[in-house]
Amino acid sequence: MEIIALPAEMQRWSEAARGRGQTIAFVPTMGFLHEGHLTLMREGRRRASLLVSSLFVNPTQFGPNEDFSRYPRNFERDCAMMSEVPVDVLFAPEPDVMYPPGSQTWVDVSEVTKGLCGAHRAGHFRGVTTIVAKLFNIVNPHVALFGEKDYQQLRAIERMVQDLNFPIVIVPVPIVREPDGLAMSSRNAYLSAGQRKNALALSGALRAAGDAFQAGARQPRELVEAARRWLAKTPEIEVEYVEAVDAKTLDAVDRIERPVVVAIAARLGPTRLIDNMVFAPE
Ligand code: PAF
């Protein structure tokens with residue numbers, strides 16, 4: 001696997017590959033890889049002749065009191081895992097290369113980022129869409145893959161690609177779960193054994209919402225109540241939000257007539273976890 005640290009070099013590499021008629025799939029990451037990332041990468045391998053990944057813990061998507069400085073990092077392990085896939089090129093820039101002094105341009109997707117996590121993490125999605133737009137301009141892929149675990153992020157990126165005419169196909173990839181149901185996340189590494197057990201309440205709550213849906217509930221409130229009842233059984237969990245919204249626009253709906261996503265954000269001690277499930281009527 002080739003490692004490239006400079007945007008101009010990455011751009012040259014992509015231009016040369018495109019000139020040879022090759023296609024490029026791209027999986028951006030913040031590292032500390034798990035099976036969820038590898039699933040994105042394997043899917044990327046299937047969809048193009050070359051696979052590029054990036055590793056950049058993006059400071060602009062973390063709030064002042066969030067976990068940027070303690071975000072888990074292990075460059076050697078990540079490189080070994082990527083080589084196994086195999087990834088052809090890892091783009092791994094330094095922060096001052098991505099945000100040189102004087103940087104002042106932001107990409108802000110206004111509506112789809114308002115609710116859910118956007119309402120609780122000021123500036124987070126502006127940081128995400130700005131870095132993803134920069135990475136798209138640097139890597140210049142044909143296709144880019146994003147996990148449905150970060151559901152609102154995926155919708156914001158799809159919107160950005162459409163609004164800014166990026167000629168890139170965005171491929172959503174389903175959540176990868178541990179055998180007991182916990183959605184895979186780099187932040188699971190923060191959890192103690194007890195918190196890890198309690199974290200199962202999130203996927204349990206989504207299953208409870210699913211049971212309500214299967215039983216005929218068609219008001220979003222009924223799904224939210226079922227999920228909240230389940231979460232309440234684990235008092236160690238501090239719920240940030242549980243919402244059932246239109247799966248495409250993330251707008252509130254009165255009745256479930258189109259697919260809805262039930263999304264949860266909750267804290268176990270200092271660790272913030274998110275999870276979601278989509279429910280589609282016949
Ligand atoms: O999902 C992530 O890991 C990050 O938000 C991303 C897309 C790599 C941007 O920093």
> Å³ per residue of the Cα convex hull, for segment 1-55?
Replying inline: 75
>> Can you compute the FRET efficiency between Glu111 and Arg221 using 1/(1 + (r/R0)^6), with r the Cβ-Cβ distance and R0 = 25 Å? Round to the nearest 0.05.
In response: 0.65
> Sorted from fewest to most neighbouring beta carbons within 10 Å, what does the list Met81, Met41 look like?
Replying inline: Met81, Met41
>> Can you compute the helix-only [θ] at 222 nm over the chain? Use -39500 (n - 2.57) per DSSP H run of at least 4 residues, normalise by all residues, nearest 500 deg cm²/dmol.
In response: -11000 deg cm²/dmol
> Under a 5 Å amide H to amide H cut-off, with H placed in plane at 1.01 Å, what residues pair with Tyr241 once short-range neighbours are removed?
Replying inline: Ala265
> Could you give the nm distance between label points at Ala280 and Ala122, where each point is 7 Å from its Cα heading toward the beta carbon?
Replying inline: 3.8
>> Give me the one-decimal nm value for the distance between modelled label points at Glu178 and Ala5, 7 Å along each residue's Cα-to-Cβ direction.
In response: 3.5
>> So for each of 42-52, 140-150, 89-99 I average, over its residues, the number of other beta carbons within 10 Å; can you give me the resulting order with the highest mean first?
In response: 140-150, 42-52, 89-99
>> Rg/Rh for segment 58-208 to two decimals, with Rh computed the Kirkwood way over all alpha-carbon pairs.
In response: 0.96
> How many angstrom separate the Cα center of segment 121-149 from the Cα center of segment 158-237?
Replying inline: 21
> From the backbone phi of segment 28-34, what are the Karplus-calculated ³J(HN,Hα) couplings (6.51 cos²θ - 1.76 cosθ + 1.60, θ = phi - 60°) in whole Hz, Gly and Pro given as x?
Replying inline: x, 9, 10, x, 6, 5, 9
> For segment 204-282, treating each Cα as an identical point scatterer without solvent, what Debye log10 I(q)/I(0) comes out at q = 0.14, 0.16, 0.26 1/Å?
Replying inline: -0.41, -0.53, -1.21
> Could you give the radius of gyration (one decimal) and Dmax (whole number) of the Cα atoms in the chain, in Å?
Replying inline: 19.1, 58
>> Sequence gap of 8 or more, or different chains, plus Cα separation below 19 Å: how many lysine pairs satisfy both in the chain?
In response: 4
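Rule-based calculations on the coordinates, nothing more; no lab input. Predicted model, so just to flag it, every value in this text is computed and none were measured. Backbone-built Cβ (ideal geometry, glycine too); neighbour counts: all protein chains shown.
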